[in-house]
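Worksheet: the structure to be examined is printed underneath.
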Amino acid sequence: MQSEGKMEVVVAMSGGVDSSVAAALLLERGYSVRGMMLQLWNSDMHMELGEKNQQNAFNRAQQVADRLGISFDVIDAVEPFREKIVNYFIETHRAGLTPNPCFVCNRLIKWGLLMDAAIQRGADWLATGHYARVIRNPKGKVELHKGVDVDKDQSYILAGLTQDQLSRAILPLGEITKVETRKIAHRYNFINFDQPDSQDLCFLGEMNQESFLSMYAPDSLTSGEIRTLQGEKVGVHNGLSNYTIGQRKGLGSGFKEPLYVIQKDIETNSLIVGVKKDLGVVKIDVEDINWIAGEAPSNPLLCEIKIRYKSKPVNGVLSKNSEDRYSIVFDEKIRDATPGQYAVFYIGDQVIGSGTIKKTFREDV
């Protein structure tokens, strides 16, 4: 996307290589660029190591901004982030579901709070270092498409954005690969050009998920029975939040066949397990639908569906079954569909919409 005149764009900077290169590319294209970084809550932000890690991220972003000759501001989003994202994470686990805080953060914080701050400061656009593409179609609407780097594509976690949010979004890295990004960072001599990608949830700090939930939501780790699909008790779990659908490890040993997590029974606080042939579902129900175009497509809709960020897209038929809920029937059994996670709908490279997985079915009923 080329600039129109000297339009101003705010780049959401994290101190990482992707957002740094996004800022550099926008300058090359003639935009007036300024950097902004969100100060977010994390579990050890008031501890010495946590403060050091956060300051290091600020320093990296500031060094990049200085090298590019752009302004750089830090926006205090500690309490909104804790309220909207961390609490969502905790409450979803308390309900026995599996949250996706990065998905929600993009909608409520980056293209919510940060976009509002950018607009208040006179910006026309908000840019990030996501590997996805925003395309304006002949009808004047914006479309969300996969990034050209298949291995790095992040369109899945942006599928909760609305037409209005995407209309102000610029994603400079959508047309290049991660390898090219690092080469550009090296050319600019950015201090973070070889920095590894972040893998963990930002607010966990130095904790793992179990330790975090033990501190902030101990009631989500109430022990209960591990039962087979036939109802036989075969063990005790240490909290439904510590398990994911399809998980094999941590279920004990000494069984004739390896056991896998098939389902979480929230009402009885039981973990339901089965053997490998029991894995997979043929149908899911989704709700809280977000249509990128702002309106529902034809019904039923044949499309590809991703049920997790790194999952392989699978064919299915999306059909409306109530005012606010749709069903997806898959062409073949799929593994690891998990209530609380997001299903994202694609036609080719284009994201059509998304919805929260409400229920899964091992048989089409």
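Need one number: % antiparallel among DSSP beta bridges in the chain, to the nearest 5. Kindly include the intermediate steps, with their values, before the conclusion.
Working: 48 of 67 bridges.
Beta bridges within the chain, antiparallel portion: roughly 70 percent.
For the chain, what % of the accessible area comes from carbon and sulfur atoms, probe 1.4 Å?
C and S fraction of accessible area: 48 percent.
Considering only DSSP states other than H, G, I, E and B, which GluC sites (Glu not before Pro) in the range 21-65 qualify as loop sites with at most 14 other Cβ atoms within 10 Å?
Passing sites in the range 21-65 do not exist.
So which of Lys277/Lys359; Lys6/Lys178; Lys6/Lys306 end up more than 32 Å apart by C-alpha?
In this structure, Lys6/Lys306 exceed 32 Å between Cα atoms.
Suppose every Lys and Arg Cβ carries +1 and every Asp and Glu Cβ carries -1, with no other charges. What dipole size does the chain come out with about its Cα centre, to the nearest 20 debye? Mind dumping the intermediate values first?
Values: 43 positive and 47 negative charges, 153 e Å.
Roughly 740 debye for the chain.
Please check: in the Gaussian network model of the chain (C-alpha springs, under 10 Å), which one of Gln163, Gln230, Gln63 has the largest mean-square fluctuation.
Gln230
Within the range 213-267, list the GluC sites (Glu not before Pro) lying in a DSSP loop whose Cβ has at most 16 other Cβ atoms in a 10 Å radius.
Working: sites: Glu225, Glu232, Glu267; in loops: Glu232, Glu267.
Answer by residue number: Glu232, Glu267.
Could you do me a favour and compute the accessible area per residue for the range 128-201, 1.4 Å probe, result in Å²?
For the range 128-201, the solvent-accessible area averages 49 Å² per residue.
Using mean Cβ contacts within 10 Å as the protection proxy, how do 213-223, 272-282 order, highest first?
272-282, 213-223
Where Rh denotes the Kirkwood radius from the mean inverse Cα pair distance, what is Rg over Rh for the range 103-149?
Reported Rg/Rh, Kirkwood definition of Rh: 1.02.
Would you mind giving the average projected area, over all directions, of the Cα convex hull of the chain in nm² with one decimal?
19.5
For a protection proxy built on the mean count of beta-carbon atoms within 10 angstrom, sort 338-344, 120-126 highest first, please. Walk me through the intermediate numbers first.
Working: 338-344: 22.6, 120-126: 16.4.
Ranked by mean Cβ neighbours within 10 Å, highest first: 338-344, 120-126.
Go ahead and set up a Gaussian network model of the chain, Cα springs under 10 Å, then flag whichever of His145, His130, His186 fluctuates most.
Ranking His145, His130, His186 by mean-square fluctuation puts His186 first.
Would you kindly calculate the translational diffusion coefficient of the range 165-224, applying Stokes-Einstein with the Kirkwood radius from alpha carbon pairs, for 10 °C and a viscosity of 1.306 mPa s, and quote it in µm² s⁻¹ without decimals?
Roughly 103 µm²/s, to the nearest whole number.
Any chance you could check the Cα centroid distance between the range 231-260 and the range 38-113 for me, in angstrom?
34
Which of these, Lys333, Lys256, Lys320, has the largest mean-square fluctuation under a Gaussian network model of the chain (Cα springs below 10 Å)?
Judging by the Gaussian network model, the answer is Lys256.
The values are calculated or read from the model by the stated rules, or taken from the named source; none is laboratory data. These figures come from a predicted structure and were not determined experimentally. A quick note on method: Cβ atoms are made from the backbone with ideal geometry, for glycine too, and the neighbour counts reach across all protein chains shown. With ligands, DNA and RNA removed, areas are computed over all heavy atoms of the protein, side chains included. Shrake-Rupley method; radii C 1.70, N 1.55, O 1.52, S 1.80 Å.
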